[in-house]
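Just below is one structure, and these are the notes that go with it.
The values are calculated or read from the model by the stated rules, or taken from the named source; none is laboratory data. Since the model is a prediction, treat every value here as computed from it, not as a measurement. Glycine also receives a Cβ, built like all others from the backbone with ideal geometry; neighbour counts cover every protein chain displayed. Accessible surface is based on the protein model in full, side chains and every heavy atom, while ligands, DNA and RNA are left aside. Shrake-Rupley method; radii C 1.70, N 1.55, O 1.52, S 1.80 Å.
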Amino acid sequence: MLKSVARCVLRRHDRPWRKTLLCQQIIASGCLQATGKFTVSDSAPDSPKYPIENKTTVDNLYKLSVNIKKIRRLKGWVLYKDIAYVEETANILKEMGASDVATANILESCPEAFLQKPSEINTQKSIWNLVCPKDEVLIALIEKFPDSFFTCRSPTHQRANIKYFKDLGLNNKIVSRLLTSAPEIFCNQVESNKKMVDALEENYLRLGGTRENFKTWLMKLISQDPFFFSKNTETMKENLKFLQDLGFHDDEVLKLLSKLKGFIFDLNTDTMEKGIWFTKSTFQCNNEELREMVMKCPALLYNSVPLLEERLQLLLQEGASVNQVKESPNVLELTPQIVQFRARKIKQVGRTIQDQSLLVLNGTKKDFEANYGKLQVRRERPLFNPVAPLHVEE
């Protein structure tokens, strides 16, 4: 029946594009019922085919000079919500000291903010005030990290974890940094985070470490890689046992644990076994030499073999030898770009990689600049030879 009516209408419109358009309109509008009867009410359905933006929300955002196009492009779904608290959210932000521009930036970057009830935002503010009591400092954090403030909604867990981290010895500055960079760990149950810390302490002390040193190491670990709270404690135990089975003494495993930090949770025996095989076969080293190389370069354990091969090949192309890399294996931690840049700088002062230790390539940018400066001084001011004749005018 539907097809027959469509054909009747199409006979009156001989243009192909009109036929196609009318056919689509007839079929898509749903105005033809199973009985084949066409009614006026059928042509005007009560519910729109596509959702309509909340006009009040859009108008309020325009008043605040918010970039509506940006919101439509990134998170347009928020504009279709029946309930929004644009004015209320903006007032709370301004009461905290946010400027008009800052308020607009926050709502553009995190439009989910105005979907929260004002009471929820005030609760979140009171939680963050526990570690950031000054509103002017807090609003600066919110402007930089709006998602961390508005999208984490676990007030009970947040309060408990803030207290727990402060009891561990973390100061307000570090805890506020964690709130912005890793808000999800505050959504964990405090018992879960405590279980992880207890497991770390147990293994650290078992390897011969002290509680004082553990506390210092833990502070560094939390500051550098807080996401380890979501990892598996059993994986850590298996990795530590693997290292001990390789012949590493407890004090060596403890040093590796300190160097690896969060990597100890990401390692697996398969990756480590491949790294050990690569090291032994490439550098022709015995078990003792292997342990020495791993102690100098823990990356041999967690970097993939193709990555290690690529970096070694580049060093060889730059003039280094396998024995040089064996003596300074931590050069394998450097990216190809860094190696090429530093090798080029060394050549600029008339030196080559093969005529010196690869230690000159290692370290941070500051370390390399210091080593490079020494090479420049040696080139500009050669060593004094006490037996060489003095060339002076008589």
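For Lys326, the lysines whose Cα comes closer than 17 Å to its Cα, not counting residues fewer than 8 places off in the same chain, are Lys280, Lys296. When the solvent-accessible area of region 106-167 is split by element, carbon and sulfur atoms take up 54 percent of it, the probe being 1.4 Å.
Accessible area, 1.4 Å probe, largest first: how do Tyr62, Tyr164, Tyr204 sort? Spell out each step's value before the answer.
Details: Tyr62 130, Tyr164 35, Tyr204 15 Å².
My answer, sorted largest first, is Tyr62, Tyr164, Tyr204.
Across region 259-367, the mean sequence separation of Cα contacts (distance under 8 Å, 6 or more residues apart), normalised by length, yields a relative contact order of 24 percent.
The phi torsions of region 131-143, fed into the Karplus equation with coefficients 6.51, -1.76 and 1.60 and a -60° offset, translate into couplings of 10, 9, x, 8, 4, 5, 6, 5, 5, 5, 5, 5, 5 Hz, rounded to whole numbers, with Gly and Pro shown as x.
Projecting label points 7 angstrom from Cα along Cα→Cβ for Lys173 and Gln313 puts them 4.6 nm apart. Put a plus charge on the Cβ of each Lys and Arg, a minus charge on the Cβ of each Asp and Glu, and nothing anywhere else: the dipole of region 140-190 about its Cα centre is then about 160 debye. Thr279 sits with roughly 0 Å² accessible to a 1.4 Å probe, with DNA, RNA and ligands left out of the calculation. Within straight-line reach of Lys117, meaning a Cα separation under 15 Å, sit the following aspartates and glutamates at least 8 residues removed in sequence or on another chain: Asp82, Glu87, Glu88. The relative contact order of region 175-279, computed from alpha carbon pairs under 8 Å that lie at least 6 residues apart in sequence, is 29 percent. Of all aspartates and glutamates in the structure, those lying under 15 Å Cα to Cα from Lys81, and not within fewer than 8 positions of it along the same chain, are Glu53, Asp59, Glu112. Here region 121-207 is treated as an ellipsoid with the same Cα gyration tensor; its semi-axes, largest first and in whole Å, are 26, 13, 11.
3J(HN,Hα) along region 154-162: 9, x, 5, 5, 4, 4, 5, 6, 4 Hz, from the Karplus curve 6.51 cos²θ - 1.76 cosθ + 1.60 with θ = phi - 60°, whole Hz, x for Gly and Pro. Along each principal axis, taking the top coordinate minus the bottom one, the Cα set of region 127-177 gives 28, 21, 14 Å in descending order. If you roll a 1.4 Å probe over region 173-268 with all protein chains in place, what percent of the accessible area is carbon or sulfur? Carbon plus sulfur share of accessible area: 49 percent.
When the chain is fully extended, how far beyond the present Cα-Cα distance does Tyr164 get from Lys347, taking 0.36 nm per residue of separation? Walk me through the numbers before you get to the answer.
Details: separation 183, 0.36 × 183 = 65.88 nm, distance 5.32 nm.
Result for the pair: 60.6 nm of gain on full extension.
Here the 3J(HN,Hα) profile of region 84-95, calculated from phi with Karplus coefficients 6.51, -1.76 and 1.60 at θ = phi - 60°, is 8, 10, 5, 5, 5, 5, 4, 5, 5, 5, 5, 5 Hz, Gly and Pro shown as x. Segment Gln284..Trp77, full-extension length gain: 68.5 nm, with 0.36 nm per residue of separation and the alpha-carbon distance subtracted.
For Phe242, the accessible area of its heavy atoms, probed at 1.4 Å with every protein chain present, is near 30 square angstrom.
With a 1.4 Å probe and every protein chain left in place, tell me how much accessible area Arg211 has, in Å² to the nearest 10. About 140 Å², rounded to the nearest 10.
Fully extending the segment from Thr123 to Lys365 would add 82.7 nm, taking 0.36 nm per residue of separation and subtracting the current Cα-Cα distance. Distance from the alpha carbon centroid of region 137-174 to that of region 260-284 works out to 36 angstrom.
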